[in-house]
Amino acid sequence: MKRKTEREERKKAIIDMNSFLLTYAMNVLPDGTKDIAGTVYNAAKNNLNDLDALFNDGGIGRTLKYMDIAEGCVRNLYDLAPEDAEKEAQSVGVEAVSYLGSNIEAFNHWLSE
């Protein structure tokens with residue numbers, strides 16, 4: 001049962017991370033940018049740090065909230081020390097980008113509502 005709860009909580013965090021990131025993207029990318037979810041995914045799929053160049057924000061969008069949500073999730077789920085939580089949060093960040101890539105149309109639809 002514990003593993004199921006962990007998976008569910010991790011998925012909730014991943015959805016929250018992507019929701020934040022896409023909302024942030026809507027606010028910082030030029031007006032009229034089409035396929036926001038695809039644009040964000042393509043920027044982050046190889047390296048999360050590439051979001052910094054997309055947003056041209058010095059890492060604020062990536063570090064504040066996005067990775068903070070991941071770190072909070074793993075600290076709560078696994079009772080990790082801060083340095084260990086940061087490493088595991090990177091894993092959650094990569095997982096979140098992969099989830100975004102698998103659900104681009106659904107996220108774009110959500111953004112257009």
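The values are calculated or read from the model by the stated rules, or taken from the named source; none is laboratory data. Because the structure is predicted, anything quoted here is derived from the model rather than measured. No Cβ is skipped: glycine too gets one built from the backbone with ideal geometry, and neighbour counts run over all protein chains shown. Keep in mind that these areas ignore ligands, DNA and RNA; they rest on the heavy atoms of the full protein, side chains included. Shrake-Rupley method; radii C 1.70, N 1.55, O 1.52, S 1.80 Å.
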query: Which of the residues belonging to segment 23-63 are under 17 Å from residue 110 (Cα atoms) and charged (D, E, K, R)?
result: 34, 35
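Okay, residues lined up against (1) of a type outside the set (Lys, Arg); (2) surrounded by 15 or more Cβ atoms within 10 Å (Cβ to Cβ):
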site: 24; (1), (2): yes, yes
site: 35; (1), (2): yes, no
site: 44; (1), (2): yes, yes
site: 51; (1), (2): yes, yes
site: 55; (1), (2): yes, yes
site: 66; (1), (2): yes, yes
site: 84; (1), (2): yes, no
site: 87; (1), (2): no, no
site: 95; (1), (2): yes, yes
- prompt: Just to be sure, is residue 72 in contact with a Phe, Trp or Tyr (Cβ under 8 Å, 6 or more places away or on another chain), small (Gly, Ala, Ser) and within 19 Å of residue 13 (Cα to Cα)?
  reply: no
query: What pairs can you find where one residue is in segment 78-106 and touching a residue at least 24 places away in the same chain (Cβ under 8 Å) and within 12 Å of residue 38 (Cα to Cα), the other is of a type outside the set (Lys, Arg) and open to solvent by 80 Å² or more (accessible area, probe 1.4 Å), and their Cβ atoms are less than 9 Å apart, with a gap of 6+ or different chains?
result: 101/42
query: Tell me, which residue of segment 59-78 that is modelled with pLDDT of 90 or more and under 11 Å from the mean Cα position of the chain (by Cα) is farthest from residue 5 (Cα to Cα)?
result: 61
